[in-house]
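Heads up, the thing below is written out as structure tokens.
The numbers here are math on the coordinates, done by the rules we state, and not lab data. A quick note: this is a predicted structure, and the numbers were derived from the prediction, not measured.
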Amino acid sequence: MKFADLIAAKRDGKSHTYEELKFLANGASNGSIPDYQLSAWLMAAYLNSLDEEETSHLTRAMAESGARLDLSGLPKPWVDKHSTGGVGDKTTLVLLPILASAGLTVVKMSGRGLGITGGTVDKLGSIPGFRLDLTPDEMKRQAAEIGLALTGQSPDLAPADKVLYALRDVTATVGSIPLIVSSILSKKIAGGAEIIALDVKCGSGAFMEDRKSAEKLARALQSVGKRLGLHVLVSISDMDEPLGSAIGNALEVREAYNVLAGKHEGASERFLKLCLHYASELLTACGSRSSAEEVLKSGAALAKFKEWILAQGGSSFWERNDLPVAPVIRKVVHTGGPAWVSKVEAKVVGQAVIDLGGGRAKKEDAIDPAVGIEMAVMVGSTVKAGESLFTVHAADEQVAAEAEESARSGIHFSDERVEEPPLILASF
Ligand code: URA
């Protein structure tokens, strides 16, 4: 097989067979197909698309391009979750302990953040000592002991995705639905789970800014997943405003802890709603009789969270108070008359956190785990002059002032009543 023929076929709108896509995935992972040819194919695939059958072939071929985590021996059901990424999205930190304390086995690989979408690896990485480099054996052992394990992206699992994703990032081909579906699902299949909850974010702070493309992605994830024997639960959730109150790594860990400990008002309550939605969906799909609310209320999920952090070498930060803290903490208040908050632009607030150093503009950027923004308002809140809008956590006064100005520009007000917008936009 010559790869140039595959490029020509896709350029001319033809379909690929499984064998051809296997050739592509193997060639990407072992380096036998050069980047310039893969890039040409990616653009042809972006322009002429892949149908559902080709997308499932590509997903399977990418999943088979490396090792597959063997979860045999662990109690079933094996579940996983994935979010397409958003601002302030710390759902994994609350959802996983709920699921594991209800008796499910969760083994998860998470990524680092890029752009305004944060990454779970960076959030957990702000806990002193927390290990994100567990080997497959360590993952399995820990999951057998406490029902849950999480590690960073392993180079051994779905290595074709690593190569293709890096090329998509620099060839303007990230936004193709078949390429997104194969990227997400190949890693999930290689990670071994059978039942997966997928949170497709929709709004200004997400990949999919409009409802139509979010629905298209959601349906494609579900149908390709089904073809490959996965039980995929998909919902679309709002990402026009940040999720929860904290945006920034250590701040998000603290918020997740507080939510598990029963402290959840305002935006944190909205965040908890999302966690409970996915927990309930997964528990129902697994035939569990546990209730997510009960597991949370009983303190079992908080106890599981602590067990998890300690199992992976993390500090008992809830006792030691050793999460990183920014040197400058600036409270920002409302200066206008009484009003309703009509909009909190996730994209603007997310960018302000990147500018503070809390996120990455480029893959190789270092991040400051202590910095970020804590929102005191959400869409539908009322505010009066002098009341807090948000708090900036910054490395120095200068960046704090800049973040104040830019985050302020993302908050809009109305003299007329504004209701809290829906959180779950659709479920499939
Ligand atoms: N997340 C992924 O893992 N891959 C994509 O292509 C998009 C989002």
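Binning at 10 angstrom from zero up to the longest distance, how are the C-alpha pair distances of the stretch 230-274 distributed in percent? Final binned percentages: 26, 47, 23, 5.
Of the cross-linked pairs Lys263/Lys306; Lys14/Lys188; Lys188/Lys347, those separated by over 20 Å at the C-alpha level are Lys14/Lys188; Lys188/Lys347.
Where both bridge residues fall in the chain, DSSP classifies roughly 50% of the beta bridges as antiparallel.
Projected area of the stretch 134-201, taken from the Cα convex hull and averaged over every viewing direction, in nm²?
Average projection, Cα convex hull of the stretch 134-201: 5.4 nm².
Here is the P(r) of the chain: all C-alpha pair distances, binned every 10 Å from 0, give 5, 22, 31, 26, 13, 4, 0 in whole percents. For the pair the stretch 19-76 and the stretch 366-424, the centres of their Cα atoms are 41 angstrom apart. For the chain, the longest principal axis of the Cα atoms and the long axis of helix 249-260 meet at an angle of about 80 degrees.
Based on a Kirkwood Rh over C-alpha pairs, give the Stokes-Einstein translational diffusion coefficient of the stretch 370-428 at 37 °C and viscosity 0.692 mPa s in µm²/s. The estimated diffusion coefficient comes to 242 µm²/s.
All distinct Cα pairs of the stretch 1-154 go into the 1/r average, and the inverse of that average, the Kirkwood radius, is 17.9 Å. Rounded to the nearest Hz, the phi-derived 3J(HN,Hα) couplings of the stretch 189-196 under the Karplus curve 6.51 cos²θ - 1.76 cosθ + 1.60 (θ = phi - 60°) are 5, 5, x, x, 6, 10, 10, 10, where x marks glycine and proline.
Between amide H atoms placed 1.01 Å from N, distances below 5 Å from Ala426 occur with Ile236, all of them 5 or more places distant or on a separate chain. Residues whose amide H falls under 5 Å from that of Thr105, counting only those 5 or more places apart or on a different chain, are Val79, with hydrogens built in the peptide plane. Centroid-to-centroid, using Cα positions, the stretch 175-238 and the stretch 335-354 are 29 Å apart. Rounded to whole numbers, the Karplus 3J(HN,Hα) couplings from phi for the stretch 235-246 are 10, 9, 10, 5, 9, 7, 10, x, 8, x, 9, 8 Hz, using 6.51 cos²θ - 1.76 cosθ + 1.60 with θ = phi - 60°, and x at Gly and Pro. In order along the stretch 212-226, phi translates into HN-Hα couplings of 5, 6, 4, 5, 4, 5, 4, 5, 5, 4, 5, 6, 5, x, 4 Hz, rounded to whole numbers, per the Karplus curve 6.51 cos²θ - 1.76 cosθ + 1.60 with θ = phi - 60° and x for Gly and Pro.
Once you have the Kirkwood Rh of the stretch 89-220 from its Cα pairs, apply Stokes-Einstein at 20 °C and 1.002 mPa s and quote D in µm²/s.
Details: Rh = 16.1 Å.
Stokes-Einstein gives a translational diffusion coefficient of 133 µm²/s.
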